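Have a look at the structure below before the remarks.
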Amino acid sequence: MTTGWLPAAESFLDLTSSWGVIRITAHGGKVCACTLPHLAREPRRVFRLAASRCTAAAAADRRALRQAERFLRGLFSGRARLAPAVELPPASPFVTRVWNALLDIPRGATISYGELARSVGCPRKARVVGLACRANVLPLFVPCHRVLAGDGTPGGFSAGLPWKRLLLEKEQHGHG
C-alpha cells in the first residue's frame with residue numbers, strides 16, 4: 001500500500017513471513033510506512049520470518065531498510081534491537097501527539113486508551129486516541145499494539161488482533 005504523502009520513487013523491503021508479506025517503505029534515510037497483511041482470524045501457521053527482498057532508490061534508504069529488518073527480526077525473536085529512524089506522515093497536531101506518546105511507551109509495557117488520552121492532555125478522548133492508533137502507518141515501529149482497552153482486553157489493531165497478540169507476546173516474554 002502506498003499512501004498519498006509518499007514520494008513516487010519508493011525504496012522498500014519485503015519480508016516474507018508465514019502470515020504473508022510485510023512491506024517496509026523508506027524515504028530520505030527513514031522508515032516512513034509499514035504494511036502488514038490483514039488477518040481477520042487466527043492464522044493456522046506459527047509466525048515465522050523467512051526471506052527478504054530490498055529495493056532501494058538511495059543508499060541511505062537501503063541502510064534504513066536493513067536496520068528495519070534487523071529490528072524486526074529481533075522483535076519477532078523476542079530480542080530488542082535498535083529501531084530505525086522513522087518519519088511520521090503529515091497529521092493533525094493531536095494525532096502527531098498520540099503517535100509521539102506511543103514512542104514513549106516502554107517495550108513490554110502496556111497502557112489503556114484512556115491513560116494515553118490523559119497523557120496527551122485529552123482525558124475524555126479515549127476513542128479518538130483509538131482512531132489515531134488505527135491511522136498509524138508504522139505499526140511495527142510506532143508501537144500502537146501496546147495500547148489496550150480499559151478492561152485490559154486487546155481492543156483493536158488495524159491489521160487484525162493476531163498481530164497485536166503476537167507483538168505483545170514477543171515483547172512481554174522476550175529478553176535480550
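Throughout, read-outs are computed from the coordinates displayed, never taken from laboratory work. Predicted, not measured: the structure shown is a model, and the values here were computed from it. Backbone-built Cβ (ideal geometry, glycine too); neighbour counts: all protein chains shown.
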Just to check, using Stokes-Einstein with a Kirkwood Rh over alpha carbon pairs, what's the diffusion coefficient of the chain at 37 °C and 0.692 mPa s in µm²/s? 199 µm²/s
In degrees, nearest ten, helix 161-173 long axis to first principal axis of the chain (Cα): 90 degrees
Given a Förster distance of 41 angstrom, what is the FRET efficiency for residue 128 paired with residue 85, based on the Cβ-Cβ distance and rounded to 0.05? 0.90
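Among the trypsin sites (Lys or Arg not before Pro) within the range 20-77, which fall in a DSSP loop and have no more than 12 other Cβ atoms within 10 Å of their own Cβ? Please report the intermediate quantities before stating the final value.
On the way: sites: 23, 30, 41, 44, 45, 48, 53, 62, 63, 66, 70, 73; in loops: 41, 44, 45, 48.
Filter output for the range 20-77: 41, 44, 45, 48.
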Defining a contact as two alpha carbons under 8 Å apart and six or more residues distant in sequence, what relative contact order in percent does the chain show? 23 percent
How high is the relative contact order of the range 93-173, given as a whole-number percent (alpha carbon pairs under 8 Å, six or more residues apart)? 32 percent
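By how many nm would the segment from residue 103 to residue 55 lengthen if fully extended, with 0.36 nm per residue of separation less the alpha-carbon distance? Please report the intermediate quantities before stating the final value.
Numbers: separation 48, 0.36 × 48 = 17.28 nm, distance 2.71 nm.
Value of the extension gain: 14.6 nm.
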Rounded, prolate or oblate: which fits the range 31-119, taking a ≥ b ≥ c as square roots of the Cα gyration tensor eigenvalues, rounded meaning a/c under 1.5, else prolate when a/b beats b/c? oblate
For the range 14-83, what does the alpha-carbon gyration tensor say about shape, rounded, prolate or oblate, given a ≥ b ≥ c as the root eigenvalues, a/c under 1.5 as rounded, and a/b over b/c as prolate? prolate
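Compute the Cα gyration tensor for the range 93-173, then decide on rounded, prolate or oblate, letting a ≥ b ≥ c be the square roots of its eigenvalues: rounded whenever a/c is under 1.5, prolate when a/b is larger than b/c in the other cases, and oblate in all that remain.
Numbers: a/c = 1.55, a/b = 1.43, b/c = 1.08.
Verdict is prolate for the range 93-173.
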